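Encoded as structure tokens, the structure appears first; notes follow it.
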Amino acid sequence: MKAIWNGAIGFGLVNIPVKIYSATETTKLDLDMLDKSDFSNIRFKRVNENTGKEVKWENIVKGYLMDDKYIVLDEEDYEAASPEKTKILSIDQFVKEDEVDSVYFETPYYLEPQKNGESAYRLLLKALEETAMVGIGTFVLRDTEAIGMIRPYNDEILVLNRLRFDQEIRDYTDLKIPARKAPKPAELKMAVSLIQQLSQEFDPTMYKDTYSDELLKIIKQKAKGKNVKARKTETAKEGKVIDLMAQLKASLNHSKSKSAS
């Protein structure tokens with residue numbers, strides 16, 4: 001792994017020197033875009049829409065369209081708007097983890113203690129476990145201010161979850177949400193029974209992203225000249241009035257038969 005940030009956690013008057021590493025990696029295949037006629041690589045060019053000529057990188061600027069006119073920005077403008085450059089991830093508050101809705105979660109990172117920070121690192125990890133709390137604070141990553149949530153992971157390491165700012169969460173009030181009408185007691189009881197019957201401890205290893213593996217199998221088959229049949233797409237049934245009670249009963253019976261087998 002390669003560290004993407006090098007600094008310290010500010011924990012009261014204690015500074016814990018750490019490095020940040022990305023905790024995730026993509027499993028998607030790296031596919032190139034090709035011309036259908038001869039399978040040549042597609043190259044993208046930066047073209048002036050008026051002249052049709054290619055523009056060199058050094059001649060490209062960025063601007064914001066306001067009142068049908070572009071306001072062009074330069075490096076000084078970006079510097080003026082940038083957050084104060086700091087290498088401190090300052091914990092501003094401690095909260096219960098379940099108070100932070102998952103809609104705010106963005107990207108997880110691993111925190112590694114640097115030399116002479118091991119004891120303070122372990123102290124913070126154990127204190128967070130003991131109190132069942134997480135630390136919330138801000139930091140600057142790649143010239144951008146971000147919110148971070150620090151929490152223990154597997155009793156071994158501190159994880160930093162980058163959080164979205166509140167203004168990034170879109171308003172859903174324009175969506176057609178069902179009215180707050182209480183469900184029928186019998187249907188609710190049946191739904192609760194189904195949930196309880198399917199309840200178990202979360203095991204993330206149960207779920208695998210198989211798309212890339214399946215796609216690679218198809219690529220290997222095509223390389224050998226074999227034909228591949230497309231899978232049938234399961235379509236959702238729409239527009240029919242459904243008998244919830246009947247579907248719930250069928251679901252319960254199906255769940256029971258699966259658990260018995």
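The values are calculated or read from the model by the stated rules, or taken from the named source; none is laboratory data. This structure is a prediction, so every number in the text was calculated from the model and none was measured. Here the Cβ is made from the backbone with ideal geometry for all residues, glycine too, and neighbour counts use every protein chain on show. Heads up: the accessible areas ignore ligands, DNA and RNA and are worked out on the full protein's heavy atoms, side chains in. Shrake-Rupley method; radii C 1.70, N 1.55, O 1.52, S 1.80 Å.
A few comments on the model shown:
- Pairs beyond 23 Å (Cα-Cα), from 36/226; 184/249; 28/222; 45/222; 36/229; 36/224: 45/222
- Gyration tensor (Cα) of the chain, equivalent ellipsoid semi-axes in angstrom: 40, 36, 25
- Surface calculation, 1.4 Å probe, protein heavy atoms: residue 171 sits at approximately 120 Å² accessible.
- Probe 1.4 Å, all protein chains present, accessible-area order of 190, 66, largest first: 66, 190
- The radius of gyration of the Cα set in segment 1-128, together with its Dmax, comes out at 22.9, 65 angstrom.
- Each Lys or Arg adds one and each Asp or Glu subtracts one; over the other residues with Cβ under 12 Å from the Cβ of residue 106, this totals +1.
- Mean Cα-pair separation over length for the chain, i.e. relative contact order, pairs under 8 Å, 6 or more apart, %: 17
- Kirkwood hydrodynamic radius of segment 120-162, Cα pairs, Å: 10.9
- Cα gyration tensor shape for segment 118-249, rounded if a/c is under 1.5, else prolate or oblate: oblate
- Of 97, 118, the order by accessible heavy-atom surface (1.4 Å probe, DNA, RNA and ligands excluded), from most exposed downward, is 118, 97.
- With protein chains left intact and a 1.4 Å probe, residues in segment 39-165 average 73 Å² of accessible area per residue.
- Ligands, DNA and RNA left out, the accessible area of the chain computed with a 1.4 Å probe is 52% carbon and sulfur.
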